[in-house]
């Protein structure tokens with residue numbers, strides 16, 4: 001897939017991100033999970049103007065999709081966050097030492113109000129990295145192979161990826177999903193270390209590696225977009 005273009009089109013409620021994909025058979029639209037843009041995917045030979053016209057024609061549908069997105073959940077005092085299936089509540093104490101302190105199901109945040117979101121984001125990413133590393137460690141024993149490197153990202157188009165060099169990348173937002181979802185994504189990407197594509201051999205291996213492949217996969221398809229409302 002070649003680099004994307006970002007456009008503002010009169011009559012369309014969100015910016016368009018236009019991407020070309022040689023495997024695409026037709027022009028497709030989808031609303032970004034965070035409601036920040038509309039993704040337009042063009043087949044290799046399609047004209048940019050064709051994609052813009054499809055977006056204009058479907059402006060009403062786009063507006064309805066944006067309205068249906070869940071409200072954003074900011075990282076502020078009083079917010080409850082689902083962290084690997086366990087609800088944690090943010091409690092800000094300006095007079096306390098800066099940083100995050102776990103107190104049962106409460107995340108106590110010290111320091112200035114303006115840095116609460118930064119502290120929570122950093123804590124969630126550390127928590128995500130630890131959970132992903134633990135899952136990789138278990139599955140590496142089964143697979144007989146370990147990744148060369150683990151990276152965290154905040155991508156909108158995929159939850160994980162496996163590079164040709166053995167680097168596994170994951171969305172840190174998986175820490176906001178149930179644990180079986182994170183486990184499934186780790187199993188999926190580790191299976192790609194041995195099997196390319198998504199044929200029967202791949203799904204057989206992914207199923208062997210995952211604690212509950214079906215549950216994790218279905219949850220992501222149904223609810224994955226909700227993870228982008230946090231922060």
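For the stretch 118-125, does any single residue satisfy the condition of being at pLDDT below 95, more than 30 Å from residue 5 (Cβ to Cβ) and in the same structural domain as residue 222 (by TED's automatic domain parsing)?
No, the conditions are met nowhere in the stretch 118-125.
Test of understanding: among 51, 11, which residue is out of contact with any strand residue (DSSP E or B) (no Cβ under 7 Å at 6 or more places or on another chain), over 26 Å from residue 222 (Cβ atoms) and either in contact (Cβ under 8 Å) with a residue 40 or more places away in the chain or in a helix (DSSP H, G or I) (or both)?
Answer to the check: 11.
Check whether at least one residue in the stretch 6-13 is under 19 Å from the mean Cα position of the chain (by Cα) and not assigned by TED's automatic domain parsing to the domain that holds residue 99, and report yes or no.
No, the stretch 6-13 has no match at all.
Tally up the residues in the stretch 54-103 that are without any contact (Cβ under 8 Å) to a residue 40 or more places away in the chain and part of a helix (DSSP H, G or I), please.
8
Do we find that residue 29 is surrounded by 13 or more Cβ atoms within 10 Å (Cβ to Cβ), under 23 Å from the mean Cα position of the chain (by Cα), closer than 13 Å to residue 9 by Cβ and not assigned by TED's automatic domain parsing to the domain that holds residue 174 in this structure?
Criteria met by residue 29.
What residue, among those in the stretch 37-48 that are in contact with a helix residue (DSSP H, G or I) (Cβ under 9 Å, 6 or more places away or on another chain) and touching a residue at least 24 places away in the same chain (Cβ under 8 Å), is farthest from residue 6 (Cα to Cα)?
Out of the qualifying residues, it is 42.
Kindly list the number of the only condition in (1) in a helix (DSSP H, G or I); (2) more than 20 Å from the chain's Cα centre (by Cα); (3) surrounded by fewer than 19 Cβ atoms within 10 Å (Cβ to Cβ) that fails for residue 117.
(2)
Checking the condition more than 14 Å from the chain's Cα centre (by Cα), more than 30 Å from residue 101 (Cβ to Cβ) and modelled with pLDDT under 95, which residue from 140, 206, 164 passes?
After applying the criteria, what remains is 164.
The values are calculated or read from the model by the stated rules, or taken from the named source; none is laboratory data. Note that the coordinates shown come from a computational prediction; the quantities given were computed from them, not determined experimentally. Cβ atoms come from the backbone with ideal geometry, glycine included; neighbour counts cover every protein chain shown.
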